[in-house]
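The values are calculated or read from the model by the stated rules, or taken from the named source; none is laboratory data. Everything quoted here is computed from the prediction, not taken from an experiment. Don't worry about glycine lacking a Cβ; one is built from the backbone with ideal geometry, like all the others, and counts go over all protein chains shown.
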Amino acid sequence: MERGETITVTVNGPAVARVAPISHDDVLPCPTGPMGAIHLPDLGLPELTDGELER
């Protein structure tokens with residue numbers, strides 16, 4: 001599939017579905033984040049840097 005080929009799915013012989021790669025120009029039918037933006041409440045905690053978070 002990584003090489004761009006199309007896969008045909010069969011059930012007892014007849015084809016029932018086809019899996020094909022999408023191009024970068026294709027528009028997906030739904031956003032990649034199905035829940036949308038996440039808004040977290042401000043708990044009044046200090047901002048941490050990436051380095052502080054990794055410790």
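So the values come out like this:
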item: Per-region count, region 15-55, residues of a type in the set (A, V, I, L, M), outside any loop (DSSP other than H, G, I, E, B) and modelled with pLDDT of 90 or more; result: 4
item: First in region 1-25 and at negative phi and surrounded by 10 or more Cβ atoms within 10 Å (Cβ to Cβ), second anywhere and among the basic types (K, R) and not in a loop (DSSP other than H, G, I, E, B), Cβ under 6 Å, 6 or more apart; result: T8/R18
